[in-house]
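Report on the structure given below.
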Amino acid sequence: MSVHRCKGTRDMSPQEMRRFRLIEGIFRESCLKWGYEEVRTSTIEHLHLFTSTGTLTPSRLRRVYSFLDWDGWSGERVVLRPDVTIPIARLYIETMADERLAKLFYVTDVFNFEETGKESREKWQCGAELIGAGSATADVELVTLALEVVRKLGLKDVELRLSHAGIIRTLLTGFGLSHEKQTEVFDHILDGDLSILAKLKPERPELGRTLATLLDLKGKSVGFLKNMRSLVNRDLPELEAPFSNFIDIVERLEAIGCGYQIDITSGRGFEYYTGLIFRLFIGSEEVGGGGRYDALIPLMGGRDTPASGFALYLDCLMGLISPEKLTQPSFGKILVSAGLKKAGDLKEAFDLVVRLHEAGYPAEVYLGGPEPADLKWIVEIRSKEPRYVLTDRVSQRKFEAGTGPEVVALLGGRKPRPSAKSKGKR
Amino acid sequence: MRLKIALPKGRLLSETSSLLAQAGWGLDEYRDGTRSYRLKSQKLPDLFAKIFQEKDIPIQVAVGNYDLGICGLDWVEELLAKYPGSALVKLRDLGYGKGALYAAASRSLPAPQIETLQQQRDIVRLASEYPNLAESFALDLRLKRFSVFPLWGGAEVYPPENAELILISRKTGEKTFNNDLVSVSRILDFSAYLIANRYSWESKDLSPAMASLEAILARSGESYTQVADIEKMSEAEGEYPVGEVAGDVVRLALPDGHQQQPTIELLNKAGIRIDDYPSVSGKRRPTSNLSGVTIKVIRPQDMPLQVANGHFDLAVTGKDWLTEHLNQFPDSPVVELLDLKFGWVRIVAVVSQDLPVTDTGGLRQFWAERAVPIRVASEYINIADKYARDNHLGLYRIIPTWGATEAFLTEDADLLIENTQTGRTLAEHKLKIVETLFESTARLIANKNSITDAKKRKKIESIAKTLGGALE
């Protein structure tokens with residue numbers, strides 16, 4: 001019988017886990033400094049958590065991992081979480097609704113079936129949610145935080161693409177489309193099928209032109225957005241409010257010197273978003289994204305609460321970073337070698353390793369096999385004097401010590417103090 | 001080159017048989033009432049055909065056991081709704097066996113309309129023999145909260161008390177649902193379809209078989225290409241309950257099928273008079289001289305789940321289906337009240353007589369030495385799964401079936417978990433029993449909460465006592 005992992009799943013090797021933890025560490029550090037607190041939600045959720053808001057498309061919901069639980073005789077299914085924002089909103093409503101402002105972050109996996117099995121069906125995200133703040137400044141803070149993390153990861157040439165769900169929704173509402181239909185139709189349009197709109201409102205051809213204009217143009221300044229506003233407002237005055245919000249955010253981003261590209265088409269798959277949508281690209285790879293979702297919490301039965309958030313895609317970032325540039329060179333490993341046949345030898349070896357750990361050194365008992373690549377010292381425990389012989393693997397110089405504390409002192413580059421010697425027995 | 005085709009039993013058999021006869025396939029034994037499942041052609045020596053329940057055919061073709069299959073498009077779509085990546089190619093509408101799949105609701109609902117259900121925040125219950133299409137339908141409608149009850153049959157009796165919506169198929173010409181139902185949506189038009197396994201289609205030359213069918217289908221022209229023409233369903237005659245059942249009424253489920261006759265005999269012996277069971281009108285709501293009790297007739301396979309979810313307080317089903325349910329839901333609130341002693345069968349593990357094993361241990365040993373998964377076919381998927389797990393069968397696959405499971409051995413399965421009375425059918429198919437899992441008879445089952453409900457307890461105890469008395 002052959003042993004292999006499930007199709008569409010991914011294991012992480014020690015090297016990959018090192019990358020994973022590096023990104024996670026940098027992300028956590030940034031979030032904590034910006035005043036965000038870490039949360040973790042359950043892997044299993046009710047399916048109806050994701051169906052009840054009507055924000056995820058049927059085609060997305062068809063790809064969730066759903067099943068009847070061991071007590072699922074009611075016929076209702078549970079799922080492996082396909083999305084993180086909705087569970088965080090659930091957590092907020094359930095336990096934190098009294099907090100005026102909740103700044104939360106997470107590192108977690110999401111599960112979505114992918115047909116070919118070529119891409120992983122379990123994807124890792126690190127993200128932040130800012131619940132209770134509805135201002136343009138809040139959006140700017142999230143963009144800044146996301147960019148800070150990416151920058152700290154040593155990644156350059158990050159492109160920030162901006163879109164606005166409010167503009168897209170207002171326009172599609174103008175075509176008479178229900179909230180539910182909007183995402184689907186927008187995806188069609190982005191796939192190049194503009195004819196779908198012509199069928200919807202043939203009596204107002206100017207709306208089709210407005211949309212085509214919006215989708216075609218890309219710009220890099222507030223001026224561009226203001227020009228667009230003057231062009232499209234004639235056809236649909238309702239666009240004034242979302243445009244003003246978009247301009248407000250972009251002006252603030254400019255004020256802090258943040259570069260961006262305006263591209264309405266980057267709002268694809270906007271699902272629960274209501275305002276700004278931003279996406280981060282490195283080359284053609286999307287490494288993260290987020291936006292404002294003011295309607296989600298009330299749709300889920302919570303109070304009217306503005307919210308926005310973003311996620312960075314860990315699997316993708318893992319392939320882009322250079323770990324060696326992000327880590328300090330370490331001290332190097334210490335290998336404690338002893339004849340491990342007698343109980344006394346064993347105790348001495350493990351005592352020394354524990355002592356070295358307490359002193360802050362990476363040390364392990366030699367169990368045979370090849371030596372670690374980053375080996376710095378070998379400490380041999382002998383049955384006669386001198387009890388400890390230390391070998392520097394780089395210079396091949398040897399040192400002697402009589403006690404464990406002397407070994408620690410030697411590694412620290414100090415000569416053993418007489419007092420340490422006299423108290424040396426452990 | 002060997003060509004394998006899966007052919008349907010049941011409603012499509014006679015028309016499929018006639019089509020293949022005209023096409024000169026020479027499958028003389030493929031006719032109504034045939035006892036054999038495996039068919040050889042007199043004219044085409046490389047052709048191997050096997051007869052299956054229609055619902056099994058898309059699965060058998062998708063997994064690659066058969067190159068071609070003929071079955072209703074409804075069952076193809078049911079598979080694809082859950083597994084869109086299935087290796088299936090829909091080749092051709094064969095033009096007969098036409099029908100449509102409807103979403104239907106009780107006429108007694110204030111507004112049996114899709115829009116009302118879409119707004120509903122409470123659970124919308126869907127019951128159907130097509131659970132995957134039902135789930136798809138619910139997702140497409142963006143229902144806020146729903147549950148799906150997979151059924152073995154009798155969907156039309158569920159609304160309004162036990163389901164808001166059912167998905168139910170009707171053949172051309174059938175104009176009613178036999179119940180107080182209205183159609184709220186026509187989901188799918190179907191007819192008999194020729195399907196192929198994708199890999200066979202890409203790599204084998206299936207054209208001779210295709211061409212022989214094409215010649216007949218082209219000749220019959222119009223009738224094979226017409227779209228099913230079914231009028232919107234009209235309502236049935238008769239009195240039907242409206243709304244909720246009162247809190248002190250005991251809801252009893254009685255079985256259809258094989259268990260019906262012995263159930264009637266037991267009820268009669270216990271002095272319980274029961275009318276319209278079996279139901280001539282298809283109403284499935286018999287009346288009785290038990291006061292404060294309402295009765296519905298549903299499939300025994302569906303009863304444990306329907307008792308567990310509180311739709312019924314009491315039901316008459318087999319120990320086999322109770323065990324199947326409890327294996328899926330170990331903490332289910334369903335309890336057994338009484339052994340009704342009839343409908344005795346053994347639930348057994350079965351292999352081919354050619355396999356050199358005599359017990360489960362031997363079977364485990366035999367398969368441990370092979371690098372391929374052991375294919376376990378069963379109507380009882382949870383019993384089969386538990387058996388394979390408990391006996392450490394290692395790499396195994398459960399193949400759900402909808403009856404006539406004995407035909408799966410040996411081409412399409414290696415092990416069956418089946419019920420048998422005498423073992424004669426098994427012997428006829430050159431099969432042998434390697435283990436008896438348990439014995440099953442009909443049981444009176446109840447929901448734990450109903451037994452402790454002050455308003456219902458006495459009535460339930462009295463029914464159990466009356467039936468118990470009749471057994472003595």
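Consider the range B:161-177 and keep the residues that are surrounded by fewer than 20 Cβ atoms within 10 Å (Cβ to Cβ) and assigned to a loop (DSSP other than H, G, I, E, B). The one that is nearest to the other protein chains (Cβ to nearest Cβ) is B:Glu161. Could you look through the range B:327-348, keep only residues that are assigned to a strand (DSSP E or B) and farther than 12 Å from B:Leu305 by Cα, and pick out the one that is nearest to the other protein chains (Cβ to nearest Cβ)? Ranking the candidates gives B:Glu336 first. Kindly check whether there is at least one residue in the range B:30-48 that is within 19 Å of the chain's Cα centre (by Cα), outside the structural domain of B:Pro400 (by TED's automatic domain parsing) and within 28 Å of B:Leu101 (Cα to Cα). No, that holds for no residue.
Okay, residues lined up against (1) out of contact with any Asp or Glu (no Cβ under 8 Å at 6 or more places or on another chain); (2) of a type in the set (Phe, Trp, Tyr); (3) under 30 Å from B:Met1 (Cα atoms); (4) modelled with pLDDT of 95 or more:
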| residue | (1), (2), (3), (4) |
| --- | --- |
| B:Ala196 | no, no, yes, yes |
| B:Pro208 | yes, no, yes, no |
| B:Ala211 | yes, no, yes, no |
| B:Arg219 | yes, no, yes, no |
| B:Ala228 | no, no, no, no |
| B:Glu239 | yes, no, no, no |
| B:Glu244 | no, no, no, no |
| B:Gly247 | yes, no, no, no |
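Restricting the range A:330-355 to residues that are farther than 19 Å from A:Ala373 by Cα and in contact (Cβ under 8 Å) with a residue 60 or more places away in the chain, the residue that is surrounded by the most Cβ atoms within 10 Å (Cβ to Cβ) is A:Arg355. Of the helices (runs of 4 or more DSSP H) that lie entirely inside the range A:314-375, those containing 2 or more residues that are more than 30 Å from A:Phe27 (Cα to Cα) and of a type outside the set (Lys, Arg) span A:343-358. Out of B:Tyr380, B:Tyr387, one residue alone is under 30 Å from B:Ile5 (Cβ atoms) and either of a type in the set (Ser, Thr, Tyr) or touching a helix residue (DSSP H, G or I) at 6+ places or on another chain (Cβ under 8 Å) (or both). It is B:Tyr380. Taking the listed residues A:Val39, A:Val3, the one that is of a type in the set (Val, Ile, Thr) and out of contact with any strand residue (DSSP E or B) (no Cβ under 8 Å at 6 or more places or on another chain) is A:Val3, with no other qualifying.
Criterion first (within 18 Å of B:Gly69 (Cβ to Cβ), assigned by TED's automatic domain parsing to the domain that holds B:Pro58, of a type in the set (A, V, I, L, M) and touching a residue at least 40 places away in the same chain (Cβ under 8 Å)) does B:Leu19 satisfy it? Yes: the conditions hold for B:Leu19. Filtered by the rule that a residue be within 14 Å of chain B (Cβ to nearest Cβ) and either closer than 19 Å to A:Leu155 by Cβ or in a strand (DSSP E or B) (or both), the range A:1-52 gives A:Glu45, A:His46.
What do you reckon, is B:Asn382 in contact (Cβ under 8 Å) with a residue 40 or more places away in the chain, surrounded by 14 or more Cβ atoms within 10 Å (Cβ to Cβ) and within 14 Å of chain A (Cβ to nearest Cβ)? Taking the combined requirement at face value, the residue satisfies it.
When the test is whether a residue is crowded, with 20+ Cβ neighbours inside 10 Å, in contact with a Gly (Cβ under 9 Å, 6 or more places away or on another chain) and either modelled with pLDDT under 90 or under 26 Å from B:Arg186 (Cβ atoms) (or both), B:Ile57 passes it.
Residues in the range A:64-83 that are buried (at least 18 other Cβ atoms within 10 Å of the Cβ) and of a type in the set (D, E, K, R) were compared, and the one that is nearest to the other protein chains (Cβ to nearest Cβ) is A:Glu76.
Considering (1) crowded, with 19+ Cβ neighbours inside 10 Å; (2) at pLDDT 90 or above, the lone condition that A:Met12 does not fulfil carries the number (1). All told, B:Leu444 falls short of being buried (at least 19 other Cβ atoms within 10 Å of the Cβ), over 30 Å from B:Leu267 (Cα atoms) and touching a Leu at 6+ places or on another chain (Cβ under 9 Å).
With respect to B:Asp56, is the statement that it is under 19 Å from B:Asp205 (Cβ atoms) and in contact with a strand residue (DSSP E or B) (Cβ under 8 Å, 6 or more places away or on another chain) true? Criteria not met by B:Asp56. With respect to B:Leu355, is the statement that it is at pLDDT below 95, within 13 Å of chain A (Cβ to nearest Cβ), surrounded by 18 or more Cβ atoms within 10 Å (Cβ to Cβ) and assigned to a loop (DSSP other than H, G, I, E, B) true? No, not satisfied.
Output the residues belonging to the range A:104-129 that are under 15 Å from the mean Cα position of the chain (by Cα) and farther than 30 Å from A:Gln328 by Cα. If the condition is that a residue be under 15 Å from the mean Cα position of the chain (by Cα) and farther than 30 Å from A:Gln328 by Cα, then A:Val110, A:Phe111, A:Glu122, A:Glu129 are the ones that fit. Could you tell me which of the residues B:Ala442, B:Ala427, B:Ala446 is at pLDDT below 95 and of a type in the set (A, V, I, L, M)? Unique residue meeting the criteria: B:Ala427.
Residues that are surrounded by fewer than 24 Cβ atoms within 10 Å (Cβ to Cβ) and touching a helix residue (DSSP H, G or I) at 6+ places or on another chain (Cβ under 6 Å) within the range B:128-140 comprise B:Asn132, B:Ser136, B:Leu139, B:Asp140, listed in sequence order.
If only residues of the range B:104-141 that are touching a Ser or Thr at 6+ places or on another chain (Cβ under 7 Å) and of a type outside the set (A, V, I, L, M) are counted, the one that is nearest to the other protein chains (Cβ to nearest Cβ) is B:Arg125. Considering B:Trp402, B:Trp344, the condition of being touching a helix residue (DSSP H, G or I) at 6+ places or on another chain (Cβ under 8 Å) and either surrounded by fewer than 21 Cβ atoms within 10 Å (Cβ to Cβ) or without any contact (Cβ under 8 Å) to a residue 12 or more places away in the chain (or both) is satisfied by B:Trp402 alone. For the range B:303-324, the set of residues classified as away from chain A (no Cβ under 14 Å) and either surrounded by fewer than 24 Cβ atoms within 10 Å (Cβ to Cβ) or part of a strand (DSSP E or B) (or both) consists of B:Leu314, B:Val316, B:Thr317, B:Gly318, B:Lys319, B:Thr323, listed by residue number.
Within the range B:48-92, the residues that satisfy the criterion of being among the β-branched types (Val, Ile, Thr) and under 17 Å from B:Trp402 (Cα atoms) are B:Ile51, B:Ile57, B:Ile59, B:Val61, B:Val63, B:Ile70, B:Val76. Looking across the range B:142-153, just one residue is more than 18 Å from A:Val78 (Cα to Cα) and either in contact with a Leu (Cβ under 7 Å, 6 or more places away or on another chain) or crowded, with 24+ Cβ neighbours inside 10 Å (or both), and that is B:Leu151. All of (1) farther than 30 Å from B:Leu117 by Cβ; (2) surrounded by 17 or more Cβ atoms within 10 Å (Cβ to Cβ) hold for A:Leu49 with one exception: (1).
The values are calculated or read from the model by the stated rules, or taken from the named source; none is laboratory data. For clarity, every value in this text was computed on a predicted model and none was experimentally measured. Every residue, glycine among them, receives a Cβ derived from its backbone with ideal geometry; neighbour counts consider all protein chains shown.
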